[in-house]
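Contents: one structure, followed by commentary.
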Amino acid sequence: MARIELSFPDDVYCFETRMAVRITDVNGANHLGNDALISMLSEARAQFLVRFGVEEAGYNGVGMIVTDLATMYQSESFFPEMLRFEVGVMDFNKYGGDFVFRVTKEDSGQPVALAKYGFVFFDYQERKVTRMPEWFREQFAADR
């Protein structure tokens, strides 16, 4: 039984991508390793940002940093299954919010994992957390 419980509204997801489980993603138990899943979540987040024209490294010295990660595993996944990654953003505050993920098997829709990455905006010149830019809030927080 999971020690944490994650649940996100179905309408929060605004992007999806697919990735195959590679043989190098499989661990000693012969299923998708947690380290590989986290790398795949990072890839899905990067694709999401590119899709919406957001530069993670930032504008004018202000970018995003990940502050925390929670993952709830729901089932095993195996080589060479194709996984569907749905990505959204929610729980905005003045400095950032959460990227949320739903991972399912493409062929059956079986849930594999739910995850969320906390993020804040960071001023790399000042070396401190800074307010979320209005353009980001307007693009993603309109109805959340």
Inset, instruction - Could you work out the per residue convex hull volume over the alpha carbons of the chain, in cubic angstrom? - result: 122 Å³
Legend entry - Dipole magnitude (debye, nearest 20) for the chain, charges at Cβ of Lys, Arg, Asp, Glu: 240 debye
Inset, instruction - Take every Cα pair under 8 Å in the chain that's 6+ residues apart, average their separations, divide by the length, and report that relative contact order as a whole percent. - result: 26 percent
Inset, instruction - For Lys128, list the lysines whose Cα falls under 21 Å from its own Cα; do not include residues on the same chain fewer than 8 positions away. - result: Lys94
Inset, instruction - Quantify, in whole percent, the carbon and sulfur part of the accessible surface of segment 1-132 (1.4 Å probe; protein heavy atoms only). - result: 49 percent
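The values are calculated or read from the model by the stated rules, or taken from the named source; none is laboratory data. Quick caveat: nothing in here was measured; it's all calculated off a predicted structure. For neighbour counting, all protein chains shown are included, and Cβ atoms are generated from backbone atoms with ideal geometry for every residue, glycine included. These area figures cover heavy atoms from the full protein model, side chains too; ligands, DNA and RNA do not enter into them. Shrake-Rupley method; radii C 1.70, N 1.55, O 1.52, S 1.80 Å.
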